[in-house]
Amino acid sequence: MNGWETKREMIFSTVNFDLTKNYLDLIITYTTLMILLSRIEERKAIIGLYNYAHEMTHGASDREYPRLGQMIVDYENPLKKMMEEFVPHSKSLSDALISLQMVYPRRNLSADQWRNAQLLSLISAPSTMLNPAQSDTMPCEYLSLDAMEKWIIFGFILCHGILNSDATALNLWKLALQSSSCLSLFRDEVFHIHKAAEDLFVNIRGYNKRINDIRECKEAAVSHAGSMHRERRKFLRSALKELATVLSDQPGLLGPKALFVFMALSFARDEIIWLLRHADNMPKKSADDFIDKHIAELIFYMEELRAHVRKYGPVMQRYYVQYLSGFDAVVLNELVQNLSVCPEDESIIMSSFVNTMTSLSVKQVEDGEVFDFRGMRLDWFRLQAYTSVSKASLSLADHRELGKMMNTIIFHTKMVDSLVEMLVETSDLSIFCFYSRAFEKMFQQCLELPSQSRYSIAFPLLCTHFMSCTHELCPEERHHIGDRSLSLCNMFLDEMAKQARNLITDICTEQCTLSDQLLPKHCAKTISQAVNKKSKKQTGKKGEPEREKPGVESMRKNRLVVTNLDKLHTALSELCFSINYVPNMVVWEHTFTPREYLTSHLEIRFTKSIVGMTMYNQATQEIAKPSELLTSVRAYMTVLQSIENYVQIDITRVFNNVLLQQTQHLDSHGEPTITSLYTNWYLETLLRQVSNGHIAYFPAMKAFVNLPTENELTFNAEEYSDISEMRALSELLGPYGMKFLSESLMWHISSQVAELKKLVVENVEVLTQMRTSFDKPDQMAALFKRLSSVDSVLKRMTIIGVILSFRSLAQEALRDVLSYHIPFLVSSIEDFKDHIPRETDMKVAMNVYELSSAAGLPCEIDPALVVALSSQKSENISPEEEYKIACLLMVFVAVSLPTLASNVMSQYSPAIEGHCNNIHCLAKAINQIAAALFTIHKGSIEDRLKEFLALASSSLLKIGQETDKTTTRNRESVYLLLDMIVQESPFLTMDLLESCFPYVLLRNAYHAVYKQSVTSSA
């Protein structure tokens, strides 16, 4: 340090840049270290413990402990002590600092001066756009302003005497004091310069003028620094945007204009760090100057420039390899040849520079060769040291052109082999890692401002910088900093996805409302108004506002009118731009994919929304109509599909994941789905009310309809069970959901069959006798009186019939839906089912039936019912006994049919093609229960149904001989059951019925019920 003496004119900026920079960095590092050491409150206790530990380990104190202790005591006030220490070095230090006079003032200009000079603009002079950016002070152009201010502030504090004797030094000092209120020592540790400088100078005699200067500069910093830096950031936003836009269109300009890129990055980095440092440490007169809601935009354009440099690195390498070999080598060779004096060592170094550059070729770039010019740069550093001492044979200060040229060459070599290091040097913002609260606050402000949300991706991208603040000498903090970078990146991406999800949800809500206006139920009022207008009837109050028709919201009288939906779409497009900006990013060896965050949140929200739109209320048992839910889901899906216009995500994957889960009983989170909600509602609410006699199944309408009762139901059954609603239900639940619905229905049927079997067991003896005595009327009458629970058998069979009728509606709707979506597959399944040979093994046939049933096709034997009933097999009862119970069950039902004639509600209604007490459902119950039971027990279905028909017809013929009008009240209506059973059955024929029951009775029965219906209507 003592031997370093140079001439002072422009020494820093044009000649030995590296030597001067490293010298000043060394001093500042030393000063910073001493200040940080003095801030450790327990420093004396710590070194005492160290010495004690040393004694315990080695048996003696550390030799240097007294010196260390003395240093701690001497540096209680570090700057005061160092001011004394640096008296011998004040000449060399002040010369180095004053050489900044051509660099620092030029860097510390106002935004207006930058704007007038059209700084960083590539398009201000189109004719020179392809010319390489040149400067006599190449490395100084992107030098950190923050570093220069540290050099000036701390440097002139240490050699303060020069402030009284040199006006240039004083001007530099004042300019630095006016620019900032505090400096960064290390990460988030700051140094308040005005107070510290004033405290140091107040004890020095004759420094009143300097103290006044400090106070004036402090006032200027408080009053004007904030607004000056705010305007700078405003200018840099537009300048970097222009630069990034031009370079994205013409990346070839990164070659000649690389200097502009690194200047822009350095300027922006300095302004961001200044704001971060001062936001919490500045005595604020104007708080607005320290709250920048547009900081995300500046960071974003920095990241865009960084991305261009990384992406087009080979382009820059090609350019500068040719530059070094074709121009720099030639010019340097000429300069070396023209040197009047060149010692041997210096000559060898110079020659090696020329040879290294001359040997370069573009082919090395094309072959992917790794360049390394660190040795060359280190040689230039050595050469600066050799030629900067006072008695050097070759004085670099006398050969400024050589210094300028070498500094330019060094910059060009960095463009070839050190682009990543240059990006870290000029644009590293890892300091945000230590200002996490401010970092998160900036992010929240960015999301809250719609115009800035498109730049929010800058914050997760900043997390990729954090690992650059780690050091190999402190490996233990890598995990801490790495974890922080991961948690912040995850939090930012999650918040962005949540914000986008909320906007999408709001748009979906609006679209669902608009879609709801198009539902058929809303056209009733319009039709009523049209009819009344035609008949010239006045209805409603005068002055009642006319209801707006759907579509009015799309009519714009003025394009300046912005609706809420417009605002939502604008905000969403801005935010989606950010989410879609990068496909993925790597943070501490972890890869983050922003789009996956959005996909995940959309899946969760879509799932919750679908379930929420069912509007299921367990207390009141209310639920949305399937058709209305389907309309809302389609509106929701239309909005989600439009997201693909903003973000490159596979929305079909979202639909598949969510909608397939909704076809199951529970979703992946264990929550109920629309399948479970609708299944429960239809079973526990609609079908329960049917069994209670409040609702009837109308075959003519293919729907369940409310019956007039004292207690009106809270819902209209027809609105939930007609063809359109069942088709909508099939669309929503899909084949899997409908299969679950069928299985649930079958479970209820199996429980009813289990109860029926118990009743059979109770009457097994009587039924056994009746089975063989159907041709003995007197004996049958006596046996019938011994039967118990006849009404219960019929009621349970009716309930089974109702459930099977509902299932047939559901299956028919499923078939219609699948025939629309997959007609060729359905027709193939149907053809397969229709052409099963009669001799086919039952197991094979059941597999075909199961396939057909899953497609909604009706089958002779219901596979779901077979599975449900086969699970009831008891271990204590032999198969033969089970078979006998099944046969007797059919007997029990057959002999019980006549009792229905006495029921008032058993009257047949031609209008509904059924009975009000749902006994017409017995036909379906008898056929399907018989088919399932005798398939399980491997009996002949046809034979057992013939037996049933013989018993039933014999029993019903007896009531024709009854004279009691009460007993035969609805005899004709009950007769029709036989015809329904045969019509429903694939195993019975009308010829068979004719042999058991005269067709004339059926014809007369139909005539009677139709005549009665006409009479009652009249």
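At a glance:
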{"read-out": "Qualifying helices (runs of 4 or more DSSP H) (wholly inside the range 74-117; at least 3 residues being surrounded by fewer than 18 Cβ atoms within 10 Å (Cβ to Cβ))", "value": "78-85, 111-116"}
{"read-out": "Qualifying residue in the range 650-671 (condition: out of contact with any Leu (no Cβ under 9 Å at 6 or more places or on another chain), hydroxyl-bearing (Ser, Thr, Tyr) and under 30 Å from PHE492 (Cβ atoms))", "value": "yes"}
{"read-out": "Lone qualifier among VAL420, VAL389 - being touching a residue at least 40 places away in the same chain (Cβ under 8 Å) and closer than 25 Å to ARG318 by Cβ", "value": "VAL420"}
{"read-out": "Scope the range 707-748; condition in contact with a strand residue (DSSP E or B) (Cβ under 6 Å, 6 or more places away or on another chain) and touching a residue at least 60 places away in the same chain (Cβ under 8 Å); matching residues", "value": "LEU707, SER721"}
{"read-out": "Count - residues of the range 166-208 that are among the charged types (D, E, K, R) and either in contact with a Lys or Arg (Cβ under 7 Å, 6 or more places away or on another chain) or assigned to a helix (DSSP H, G or I) (or both)", "value": "4"}
{"read-out": "Residue match in the range 437-450 (condition: more than 29 Å from TYR597 (Cα to Cα), open to solvent by less than 10 Å² (accessible area, probe 1.4 Å) and of a type outside the set (D, E, K, R))", "value": "no"}
{"read-out": "Within the range 291-309, considering residues that are surrounded by fewer than 19 Cβ atoms within 10 Å (Cβ to Cβ) and at pLDDT below 95, the one nearest to PHE260 (Cα to Cα)", "value": "HIS294"}
{"read-out": "Any hit, the range 574-588, residues being in contact with a strand residue (DSSP E or B) (Cβ under 7 Å, 6 or more places away or on another chain), surrounded by fewer than 13 Cβ atoms within 10 Å (Cβ to Cβ) and over 20 Å from THR513 (Cβ atoms)", "value": "yes"}
{"read-out": "Top-ranked residue of the range 142-175 - restricted to ones that are touching a strand residue (DSSP E or B) at 6+ places or on another chain (Cβ under 9 Å) and in contact (Cβ under 8 Å) with a residue 60 or more places away in the chain, ranked as least open to solvent (accessible area, probe 1.4 Å)", "value": "PHE154"}
{"read-out": "Selection count where residues are in a helix (DSSP H, G or I), of a type in the set (A, V, I, L, M) and surrounded by fewer than 22 Cβ atoms within 10 Å (Cβ to Cβ), scope the range 782-793", "value": "3"}
{"read-out": "The range 12-60 - residue that is basic (Lys, Arg) and open to solvent by 70 Å² or more (accessible area, probe 1.4 Å) and, of those, farthest from PHE381 (Cα to Cα)", "value": "LYS44"}
{"read-out": "Residue match in the range 946-962 (condition: surrounded by fewer than 22 Cβ atoms within 10 Å (Cβ to Cβ), under 60 Å from the mean Cα position of the chain (by Cα) and at pLDDT below 90)", "value": "no"}
{"read-out": "Residue tally, condition in a helix (DSSP H, G or I), open to solvent by less than 70 Å² (accessible area, probe 1.4 Å) and acidic (Asp, Glu), over the range 715-724", "value": "1"}
{"read-out": "Which numbered condition LEU900 misses (of (1) open to solvent by less than 10 Å² (accessible area, probe 1.4 Å); (2) at pLDDT below 90; (3) not aromatic (Phe, Trp, Tyr))", "value": "(1)"}
{"read-out": "Members of the range 499-511 that are open to solvent by 20 Å² or more (accessible area, probe 1.4 Å) and farther than 22 Å from GLN444 by Cβ", "value": "THR509, GLU510, GLN511"}
{"read-out": "Residue ID - nearest to LEU396 (Cα to Cα), chosen from residues in the range 357-384 that are surrounded by 15 or more Cβ atoms within 10 Å (Cβ to Cβ), over 52 Å from the mean Cα position of the chain (by Cα) and polar (S, T, N, Q)", "value": "GLN384"}
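The values are calculated or read from the model by the stated rules, or taken from the named source; none is laboratory data. Note that the structure is predicted; figures quoted are calculated from it, not measured. Reconstructed Cβ throughout: ideal geometry from the backbone, glycine too, with neighbour counts over all protein chains shown. To get the accessible areas, we keep the full protein, side chains included, count just its heavy atoms, and leave off ligands, DNA and RNA. Shrake-Rupley method; radii C 1.70, N 1.55, O 1.52, S 1.80 Å.
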